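Step one of this worksheet: look at the structure below.
Read-outs throughout are calculated quantities, based only on the coordinates presented, and are distinct from any laboratory measurement. Quick caveat, the model's predicted, so the values are computed rather than measured. Don't worry about glycine lacking a Cβ; one is built from the backbone with ideal geometry, like all the others, and counts go over all protein chains shown.
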Amino acid sequence: MKIFAFIAIIVAAIGVWYIWAAMLNGGSSLVDINPDPSPQDIRSFEDCEKAGYPVMESYPRQCAVPDGRTYTEEIVVEATYENADEDMIVVDLPNPGAVVGKEFKVIGEARGNWFFEASFPVEVVADNGTVLARTYATAVGDWMTTEFVDFTSDIKVPDSYIGPATLILRKDNPSGLPENDASVSFPIVIEY
């Protein structure tokens with residue numbers, strides 16, 4: 001009789017644990033009869049990837065659902081400002097995280113004091129620290145102002161380079177004093 005009571009207590013404890021675990025799991029049972037979502041339930045790259053559908057290693061990555069739909073991974077990349085902010089310089093093209101070619105244009109606007117003699121340095125640096133391109137952005141218009149001035153720069157990286165890089169726009173600092181240094185930088189991908 002004691003053994004039956006002991007077994008009944010164990011079974012009851014397992015039942016209570018199962019109900020408690022199911023409630024923690026959002027009210028659904030612990031055993032999912034259909035663990036794979038149907039393609040109709042896929043509404044984003046994340047859903048597609050979680051469901052185990054093929055992910056293409058492109059940039060940005062893409063995931064394909066069997067019914068022919070593809071979802072592209074949304075990549076949010078922010079610019080990094082050193083001793084500066086968006087009230088000093090704004091880059092319109094390329095966008096942070098953009099895929100660019102071996103030759104591309106940088107376009108934006110900066111306050112007049114970002115320039116010296118109507119230009120400021122621009123660099124493209126590979127992930128390993130190698131400088132791929134070093135040039136200047138040039139003011140389009142009168143740079144002797146505290147207002148925003150449009151700028152443009154033509155960039156050309158070596159034909160042999162493909163991969164991630166960082167675009168760096170530096171405030172021209174003819175004084176050479178570190179406290180006058182400022183920059184904005186962000187990652188790009190050189191692909192074609």
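A simple count of charges around Glu147, restricted to other residues whose Cβ falls under 13 Å of its Cβ and scoring Lys, Arg +1 and Asp, Glu -1, yields -3. For the stretch 40-109, the list of GluC sites (Glu not before Pro) that fall in a loop by DSSP and count at most 13 other C-beta atoms within 10 angstrom reads Glu57, Glu74, Glu78, Glu86. The order of the peptides 136-147, 174-185 by mean Cβ neighbours within 10 Å, most packed first, is 136-147, 174-185.
Between Glu117 and Tyr192, what FRET efficiency follows from the Cβ-Cβ distance if R0 is 30 Å, with the result rounded to 0.05?
Working: r = 34 Å, r/R0 = 1.13.
For R0 = 30 Å, the calculated efficiency reads 0.35.
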